[in-house]
Amino acid sequence: MKTYLIGFSLMALCLISGSFRGDLFVQNRAAGPVPVPILLYHSVSGEKGDPLKIDPSRFEEEMTYLKKEGYHSIHFKELQEGWYNGRPLFPKPIIITFDDGYEDNYTAAYPILLKTGMKATIFVVTGSIGSPGRLTWQQLHTMESSGLIDTQSHTVTHSNLTKLSDEQKMRELVNSRNQILRKLGHLADVLAYPYGFYDRRSIDAVHKAGYQLAVITEPGAADVTHGRFQLHRILISGDLLLDQFKAALNGP
Ligand SMILES: [Zn+2]
């Protein structure tokens with residue numbers, strides 16, 4: 001089985017959205033579902049030199065830019081309804097995601113998201129929740145209560161799914177989903193493949209486990225033609241300058 005190694009790109013992108021109101025409808029059914037940039041962040045911390053960590057001030061600058069430019073942040077549920085059920089999306093929809101469930105998503109990113117009114121999705125490794133430096137269930141619950149944050153699955157142990165037996169894969173996928181249901185009261189319907197590694201058997205397992213969508217780390221805006229279990233994301237490296245961020249939003 002071929003393994004697709006998904007390289008991280010230094011491109012960024014985004015779109016945001018919301019519910020729908022009157023003349024803000026933009027879904028053009030004749031043209032088909034609109035592509036939606038999905039941004040990928042990890043840790044929001046002041047440490048320099050690691051592209052997977054972004055300084056909070058830079059993150060705030062990016063969120064402020066998106067807001068000013070009229071992007072509408074949405075959750076995956078809204079994307080799904082827009083793409084597959086014909087529900088209109090706001091103009092310039094964008095999805096903001098964080099992988100791995102770092103505690104600074106609560107201490108540093110969440111205050112900025114509250115301030116700018118931006119929605120985001122956190123893909124948590126459920127077996128690591130409550131570990132040092134990682135989010136707790138209480139923090140996730142608090143953030144979800146605001147309506148801005150949605151918690152989804154990044155498996156139980158962050159293992160490369162392509163290296164696991166079918167049975168192990170199902171454990172990672174089903175148990176993480178069920179843990180989120182037990183702790184937060186909703187199923188996880190979206191998966192982020194650990195390391196962005198996936199193959200055909202992984203996709204089949206994700207489908208069988210009941211997920212509706214899955215995200216990868218292939219650059220560029222997510223497009224309905226890629227398939228619901230291979231949604232592209234744009235990695236926002238911590239060392240991007242604002243101009244590079246703007247360029248990344250416009251895609252490769
Ligand atoms: Zn990860």
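Every read-out reported here was derived from the displayed coordinates using simple, explicitly stated rules and does not represent laboratory data. Treat the numbers as computed from the prediction; the structure is a model and nothing was measured. Note that we place each Cβ from the backbone using ideal geometry, even for glycine, and neighbour counts take in every protein chain shown.
In a shell of Cβ-Cβ distance under 15 Å around Lys48, excluding Lys48 itself, what net charge do Lys and Arg (+1) and Asp and Glu (-1) give? Local net charge: -3.
Report summary: the helix-based calculation at 222 nm, which adds -39500 (n - 2.57) for every DSSP H run with n ≥ 4 and divides by the residues of the chain, gives -9000 deg cm²/dmol. Lysine pair count for the chain with Cα-Cα distance under 20 Å and sequence separation of 8 or more or different chains is 23. Rounded to the nearest 0.05, the FRET efficiency derived from the C-beta distance between Leu184 and Asp50 at R0 = 35 Å is 0.75.
Each label point was placed 7 Å from the Cα along the Cα-to-Cβ direction; for Asn85 and Tyr65 their separation is 3.4 nm.
The mean of 1/r over all distinct Cα pairs in region 33-249, once inverted, gives the Kirkwood hydrodynamic radius of 17.2 Å. For a paramagnetic label modelled on Asp199 (point 7 Å from Cα along Cα→Cβ), amide N atoms under 16 Å away belong, within region 134-170, to 159-170. The stretch between Lys208 and Gln138, if pulled fully straight at 0.36 nm per residue, gains 22.3 nm over its current Cα-Cα span.
Protection proxy ranking of 132-140, 72-80, by the mean of other Cβ atoms within 10 Å over each peptide's residues and highest first, is 72-80, 132-140.
With each label modelled as a point 7 angstrom along the Cα→C-beta vector, the Ser57-Ser131 pair spans 3.2 nm.
Centroid-to-centroid, using Cα positions, region 204-222 and region 38-59 are 24 Å apart. Given in Å, the Rg to one decimal and the Dmax to the nearest whole number for the Cα atoms of region 130-252 are 15.7, 46. Summary value for region 33-249: 22 percent relative contact order, contacts being C-alpha pairs under 8 angstrom separated by 6+ residues. If you plug the beta carbon distance of Val224 and Gln168 into 1/(1 + (r/R0)^6) with R0 = 22 Å, you get a FRET efficiency near 0.10.
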